[in-house]
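J.: Submitted below is the structure of interest, expressed as structure tokens.
No lab work stands behind these numbers, since they all come straight from the coordinates. Only a predicted model underlies this, so the values are computations on that prediction, with no experimental measurement involved. All Cβ positions, even for glycine, are placed from backbone atoms using ideal geometry, and neighbour counts span all protein chains on display.
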């Protein structure tokens, strides 16, 4: 496995912080001056020089039998500019403009709760723990849109084994970073930070549950949850918590952010289900991101099409009440 | 303001009101509606419906500020009709892009989903307002009845704002701005009523 260390990048190629900040300022000024003369689309690209923000590292991956076949991945552009990451704003393009503020190196993930002993994992150690696999997964947002994303990571179960949980551990809780550098729009969003998500132990141990470090063969852009996140292809996107700093093994069902905001709308399980819609809108269809507007509509599948692999986890459960 | 100036101004305001629509059409043809074009179209038409409703509801309070602004009333019908225009485009996205013309599914939505019920209610108000927006309608209904009917503009705006609140996720408060503007516009009317009745009382006492 080859992970390019920052030290391999010649210092001459690294833009100094002040130049980089000045560039932003200059760009903002230029954008304001030239606004009248430019089309909206070009303006968008100039006001937000994304490539300057994302210092990607190439990742070496091995193929995986858990990767979804017969699907066309959504473009890198769309995956990295159409995000829900409310710590960085509620607009879809806000995270791609604001998430550069998150400092992802150094980064450690704390593990505690019902484990043999507390541990801390450095991000580099985490990435080397197991060979990285490319996993193409469908991604279904509760807002009724969908993507296909080529993630990079390995099964969370590999990591959980290293954590040595006790038999008393029935659930896993995932906590995101708790340092929103600034409140994006103080009047516009009111959630209880840090972002918290959780899984039943058997869900967490399922091979499809991916501890994720990258997409499209490179490290995660910040707006997609750098440096490490969880990905659950059969659940609505909000279950796949981003930028994890703390993983807890617990005895009882942990608090989860959206469930706290509205228990009627957001259940603990949040499995994709076209026949159950607890949110105001229908879940029967989804809009395929990147498709032209007249043919973006696509039928949503139970468990987002992963029923063959995951339906057994919920055998005998009423999916209507356990939403 | 002279009649001539108003006519000239109308020739400027009318195409200006079509800019958001023109931008959508342009972006549609150049494939620049963004990653989620359906959402872009839906949100743009929805927002402009609300904006035109609020602008047309702002005419009366602003006009009352000064006798020199009375001419503004001549633009109210045009602005209100643009609210109906964008509202109809917004409704069309639901009928076409979300429901694919499935009448059964739409009736189910109207019955089951409160944000759609209130949205369709708001649009129905706009339809009634647009249908009775001609001089002929005013004469036919008589000024008093027409004025009463056209209070539906308040119902439409309140329905639009509720529609927005019921749509956003819990904890998300993005509709607060349009809500604040609508509240100010409605309170301005209450304040004016209070002031007017006080003035009338004074006149009565003086007499």
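J.: Any chance you could check the Cα centroid distance between the stretch A:288-323 and the stretch B:1-47 for me, in angstrom?
T.: The stretch A:288-323 and the stretch B:1-47 have Cα centres spaced 37 Å from each other.
J.: Counting each DSSP H run of 4 or more residues in chain B as -39500 (n - 2.57), what helix-only mean residue ellipticity at 222 nm follows after dividing by all residues, to the nearest 500 deg cm²/dmol?
T.: On the way: 10 runs with 159 residues, N = 207.
After summing the helix terms and dividing by residue count, I get -25500 deg cm²/dmol.
J.: Next question, about the same structure. With Rg and the Kirkwood Rh both taken from Cα atoms, where does Rg over Rh land for the stretch A:124-177?
T.: Over the Cα atoms of the stretch A:124-177, Rg/Rh equals 1.05.
J.: Turning to a different aspect of this structure: What does the convex hull of the Cα atoms of the stretch A:77-156 come to per residue, in Å³, rounded to a whole number?
T.: It is 148 Å³ per residue.
J.: Now for a different question. Which percent of the Cα-Cα distances in the stretch B:142-207 go past 13 Å? Show your work: numbers first, answer last.
T.: Details: 1586 of 2145 pairs.
Every Cα pair in the stretch B:142-207 considered, those over 13 Å come to 74 percent.
J.: What order do you get for B:74, A:248 when you list them from fewest to most C-beta neighbours inside 10 Å?
T.: Exposure proxy ranking, most exposed first: B:74, A:248.
J.: In addition: Any idea what the relative contact order of the stretch A:91-173 is, in percent, if you count C-alpha pairs under 8 Å spaced at least 6 apart? Let's see the in-between values first.
T.: Details: 74 pairs, mean separation 21.7, N = 83.
Value for the stretch A:91-173: 26 percent.
J.: While we're on this one: How big is the convex hull of the Cα atoms of the stretch B:3-99, per residue, in Å³?
T.: 95
J.: Can you grab the distance from the C-alpha centre of the stretch A:66-140 to the C-alpha centre of the stretch B:84-153, Å, no decimals?
T.: Cα centres, the stretch A:66-140 to the stretch B:84-153: 44 Å.
J.: Using just the C-alpha positions of the stretch A:227-274 as equal point scatterers, what log10 of I(q)/I(0) does the Debye formula give at each q in 0.13, 0.18 1/Å?
T.: Log10 of I(q)/I(0), two decimals: -0.33, -0.64.
J.: Can you pull the mean other chain C-beta count within 10 Å for peptide A:281-293?
T.: If you average over the peptide's residues, the count of other-chain Cβ atoms is 5.
J.: Moving on. Please list log₁₀ I(q)/I(0) at q = 0.16, 0.18 Å⁻¹ for the stretch A:187-323, using the Debye equation with identical point scatterers on the alpha-carbon positions.
T.: Scattering profile of the stretch A:187-323, log10 relative to I(0): -1.00, -1.25.
J.: Can you tell me the order of B:85-96, B:9-20, A:99-110, B:104-115 when each peptide is scored by its average per-residue count of other Cβ atoms within 10 angstrom, highest first? Could you put the intermediate results ahead of the total?
T.: On the way: B:85-96: 19.1, B:9-20: 12.5, A:99-110: 16.7, B:104-115: 14.1.
Averaged packing, sorted descending, gives the order B:85-96, A:99-110, B:104-115, B:9-20.
J.: When a footprinting reagent is the concern and you count Cβ atoms within 10 Å, what order do B:41, B:162 take, fewest first?
T.: In order of increasing Cβ crowding within 10 Å: B:162, B:41.
J.: Under Stokes-Einstein, with the Kirkwood radius over Cα pairs standing in for Rh, what whole-number D in µm²/s applies to the stretch A:196-269 at 25 °C and 0.890 mPa s? Walk me through the intermediate numbers first.
T.: On the way: Rh = 13.1 Å.
Once the numbers are plugged in, D ends up at 187 µm²/s.
J.: Please report, to two decimal places, log10 I(q)/I(0) for the stretch A:110-219 at q = 0.21 Å⁻¹ as given by the Debye formula with identical point scatterers on the Cα atoms and no solvent.
T.: -1.32
J.: Okay, next question. Which parts of the stretch A:215-241 would a label at residue A:67 reach, counting a residue when its backbone N lies under 14 Å from a point 7 Å out along Cα-to-Cβ?
T.: Hits in the stretch A:215-241 for residue A:67 at 14 Å: A:215-218.
J.: Using only atoms on other chains, find how many Cβ atoms lie within 10 Å of each Cβ of peptide B:28-35 and report the average.
T.: Numbers: counts 3, 0, 2, 3, 5, 3, 9, 17.
Going residue by residue through B:28-35 and averaging, the value is 5.
J.: While we're on this one: Where both partners of a DSSP beta bridge lie in the protein assembly as shown, what percent of those bridges are antiparallel, to the nearest 5?
T.: Working: 41 of 48 bridges.
Around 85 percent of the beta bridges assigned by DSSP in the protein assembly as shown are antiparallel ones.
J.: Quick one: order A:312, A:224 by neighbouring beta-carbon count within 10 Å, fewest to most.
T.: The most exposed by this proxy come first: A:312, A:224.
J.: Please list the radius of gyration and Dmax for the protein assembly as shown, considering alpha-carbon atoms only, with Å as the unit.
T.: Considering the protein assembly as shown through its Cα atoms, Rg and Dmax are 27.3, 96 Å.
J.: Translational diffusion coefficient of chain B at 4 °C, 1.567 mPa s, Stokes-Einstein with Kirkwood Rh over Cα pairs, in µm²/s as a whole number.
T.: Answer, rounded: 68 µm²/s.
J.: Can you pull the percent of Cα pairs in the stretch A:97-138 with separation above 12 Å?
T.: 73
J.: Okay, next question. Compactness ratio of the stretch A:57-314: Cα Rg over 2.2 N^0.38 Å, N = residue count? Could the numbers behind the result be given before it?
T.: Details: Rg = 17.2 Å, N = 258, 2.2 N^0.38 = 18.1 Å.
Cα-based Rg divided by the globular estimate yields 0.95.
J.: For the stretch B:1-58, state what percent of all Cα-Cα pairs lands in each successive 5 Å bin, counting from 0 Å until the bin that includes the largest distance.
T.: 4, 16, 19, 19, 16, 11, 8, 4, 2, 0
J.: Can you tell me, using C-alpha contacts under 8 Å and at least 6 residues apart, the relative contact order of chain B as a whole percent?
T.: Value for chain B: 19 percent.
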